[in-house]
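Below is one structure; the comments refer to it alone.
The values are calculated or read from the model by the stated rules, or taken from the named source; none is laboratory data. Note that the coordinates shown come from a computational prediction; the quantities given were computed from them, not determined experimentally. Here the Cβ is made from the backbone with ideal geometry for all residues, glycine too, and neighbour counts use every protein chain on show.
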Amino acid sequence: MFNTKKPKIMDKPALNRRRFLQLGVAATACAAATTSGMASAATSSEDKNKTIFRTLGKTGIQVPIVSMGVMRADNPNILKAAYQIGITFFDTAHGYQDGRNEEMVGDFLKDKARDSFVVATKIHVPKDTSKERFLEMVDISLKRLQVDYVDILYLHAIDDPEVLYSENLVEALKTAKEQGKTRHVGFSTHKNMAELINTAVEKGFYEVILTTYNFRLASDENMTTALQKAHDAGIGLVGMKNMAGGWLDEAKTKKVNCKAALKWALTNPCMHTCIPGIVSFEMLMENWTVASDISLSVTEKEDLQLALGETGMFCTGCNSCSGQCKNDLPVSDLMRSYMYNYAYAYPAKAWKTVVDAGVSADPCANCDECTVNCKSGFDIRGKITNIARIRSVPAEFLV
Amino acid sequence: MKPTFLFILFCLPFAVDAASFVPPSIPGWERDGEVEVFTGDNLYNHINGASELYFSYNFQSLWVTRYKKGEAEITLEVYDHGDPVQAFGIYSIERPGSAAVSAIGAEGYFEEGTLNFVTGQYYVKMFSFREPNAGGGVLLSTAKGFAAQLEKEPGLPAIVKLMPAENLVPNSCQFIPNTFMGLELLGSAFRASYKTADGTLTLFVMEKKSAEEAVQIVKKYHEFVKKDPGELKEGSYLIEDPFNGNVHLYWKGNHIIGFSGDDLPAVRESLLAEMKDKLN
């Protein structure tokens, strides 16, 4: 019933890379990158003129390393162009645009040979959702997509191993597969990724994992190890959020070098493909150049290095600050409080977090030197001094 | 309020938006937990990858309020998109073609367990669980009162109201930000589909800040397809777009009226004449 080979690419694409270049769409994006040893071990077929394919683990599905996240595209002509230049893997979700996104993908795919593309969708449900309800949602997705089956059906946005292996959801996925509604099952995760990936390796069942993966995780050894284990176990690995949000600062004045960020993710040979969200032809072409050349130029490496130096204001919750303060302040909790007030505009929550932490309004007053070394480079003392003052404000004045 | 508190409140830049949101009361229902507030930095935690689309519509904040009545639940989501055009845009891109729209706020619709509407700069989504016929019942009654609380003078964006009615495909009028037709050079546009027995075309309208800005669009589009239009004057142009097919443009002042899709000259001319007249 299912074809497990490389999707067929159209015989005579009307829009190919050369045509793009003739139109001058992405002249800058197509500038040749300097060859880098970093990428040389990443793939077996690094001919710069050829698309690099990788296999999604034991699924046997071969896809170009650059695929397409469709969630923001409003124009089916972008999908058409993507398909014509060689992108074969399209990622959507049941909930995107309240279902309109799946409908658009379906309109585009309906007259394409079923073995010429790979389509994945994701379904986000509460943990206690019944098997029947889940399968109803699968049927709705299939109807919108105008296909008899999807290639990968993901549980959407999982961050808890318990949910991942909740009996009802596992049964629902098994049934969907048995009924031929999906070829493979997987889950997507953007939080607690390493633990979930490790759990999936240990317990089995899931065939593909869609995970956040970007240069900000470069020093996260847990994540690197988890990906390697999953790869070795034959789990297909798909990367998302490769641009780390696209901006380096809160004011959105400094952009991430998106092409470099995508290359970085793909230099890890365990990452089989990535699904950058593509909304324009310009973006499509820029991303597609990476499909045949993942070598990072010196400039691109420098851009990523500089990007890593931007600390921003968001605590990653790594908790490595735990126990570092000589006054035993709950640094991680206070950083969360800072985030609630300044990032989430939620002073009442910030106040409660500070009060619950049991600190005074000026907890660093008697300390000459801060002993906490934050991995993200936060000025811990400055942030604590700032946010702890909220304790002096009566709760009734805050919402 | 004591002076100390005033001082501290001035020192700390607490967001007035978070403080100014007052969720509606629903008779017979009680609030379930605190109002959750999301910004661009954590919206992903609430709606996952869908957040990127919301960002493209100038997303500012989201307030989520939950209610319960026994086993039944209602969730109210209020998305602030900063201005009415952006709010209409995200509403329009999620609105099903089959929706039976009515005057809930500026416009809205409901089904059995959901109700969505747009008003002012807000896009509001309501969901119910285990409450029979909630859409036309408790959600609708709540939405009507709440919409008036959010915006006293609701209305759709002016260009939406100008779109000709004849042959208009229901619910096809949308606002697309930044990358209309997949081209960054085009920026944002309103669009609507028109269907006749001979085919379907899309009418689009771009409203720029100035005539200079509009003519730059026409110029860049020509450059994109490697065509020299000569001296640009207000009037009609044909762009042979390799991605989007033939695109007809009419430029006047700070407006560009355009058409893509099936080649329906009579329909096109009729729509153009009406839009030109209305935009004058």
- prompt: Among the candidates A:242, A:222, which residue alone is at pLDDT 80 or above, over 21 Å from residue A:160 (Cα atoms) and touching a helix residue (DSSP H, G or I) at 6+ places or on another chain (Cβ under 9 Å)?
  reply: A:242
task: Take residue B:44 and decide whether it is closer than 24 Å to residue A:99 by Cβ, within 10 Å of chain A (Cβ to nearest Cβ) and buried (at least 20 other Cβ atoms within 10 Å of the Cβ).
output: yes
field: Subset of the range A:359-395 that is within 11 Å of chain B (Cβ to nearest Cβ) and part of a loop (DSSP other than H, G, I, E, B) - its residue that is modelled with the highest pLDDT
entry: A:361
- prompt: In the range A:78-86, is there at least one residue being surrounded by fewer than 18 Cβ atoms within 10 Å (Cβ to Cβ), without any contact (Cβ under 8 Å) to a residue 12 or more places away in the chain and within 29 Å of residue B:242 (Cα to Cα)?
  reply: no
- prompt: Which ones in the range B:108-138 are of a type in the set (Val, Ile, Thr) and in a strand (DSSP E or B)?
  reply: B:114, B:118, B:119, B:124
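Strands (runs of 3 or more DSSP E) wholly in the range B:167-280 with at least 3 residues that are under 20 Å from the mean Cα position of the chain (by Cα), touching a residue at least 24 places away in the same chain (Cβ under 8 Å) and away from every other protein chain (no Cβ under 12 Å) - which ones?
It comes to B:189-196, B:199-207, B:255-261.
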message: Show me the helices (runs of 4 or more DSSP H) found entirely inside the range B:1-107 where at least 1 residues are at pLDDT 95 or above.
response: B:84-94
message: Scan the range B:151-166 and tell me whether some residue there is within 14 Å of chain A (Cβ to nearest Cβ) and within 24 Å of residue B:216 (Cβ to Cβ).
response: no
field: Filter result (exposed (fewer than 15 other Cβ atoms within 10 Å of the Cβ) and out of contact with any Ser or Thr (no Cβ under 8 Å at 6 or more places or on another chain)) within the range B:230-251
entry: B:230, B:231, B:232, B:233, B:234, B:235, B:236, B:238, B:240
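Give the residue, chosen from B:231, B:213, that is over 27 Å from residue B:173 (Cβ atoms), out of contact with any helix residue (DSSP H, G or I) (no Cβ under 8 Å at 6 or more places or on another chain) and of a type outside the set (Val, Ile, Thr). Explain how you work it out, then say what you get.
Values: B:213 fails: over 27 Å from residue B:173 (Cβ atoms).
Going through B:231, B:213 in turn, the sole match is B:231.
Restricting the search to the range B:139-166, which residues are under 24 Å from residue B:114 (Cβ atoms) and either of a type in the set (A, V, I, L, M) or in a loop (DSSP other than H, G, I, E, B) (or both)?
Listed by number, the residues that qualify are B:139, B:140, B:143, B:147, B:148, B:150, B:151, B:154, B:155, B:156, B:157, B:160.
Just name the residue that is farthest from residue B:221 (Cα to Cα) out of those in the range A:279-296 that are of a type in the set (S, T, N, Q) and more than 11 Å from every other protein chain (Cβ to nearest Cβ).
Among them, the one singled out is A:295.
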Within the range A:198-218, considering residues that are within 18 Å of residue A:377 (Cα to Cα) and in contact (Cβ under 8 Å) with a residue 60 or more places away in the chain, the one farthest from the chain's Cα centre (by Cα): A:218
- request: Could you please find all residues in the range B:24-46 being in contact (Cβ under 8 Å) with a residue 24 or more places away in the chain and at negative phi?
  value: B:24, B:26, B:29, B:30, B:31, B:32, B:35, B:36, B:37, B:38
- prompt: If you take the residues in the range A:87-145 that are acidic (Asp, Glu), within 21 Å of the chain's Cα centre (by Cα) and under 25 Å from residue B:114 (Cα atoms), which one is farthest from the other protein chains (Cβ to nearest Cβ)?
  reply: A:102
message: I need a count of the residues in the range A:95-107 that are surrounded by fewer than 24 Cβ atoms within 10 Å (Cβ to Cβ), out of contact with any Asp or Glu (no Cβ under 7 Å at 6 or more places or on another chain) and either under 19 Å from residue A:238 (Cα atoms) or without any contact (Cβ under 8 Å) to a residue 40 or more places away in the chain (or both).
response: 2
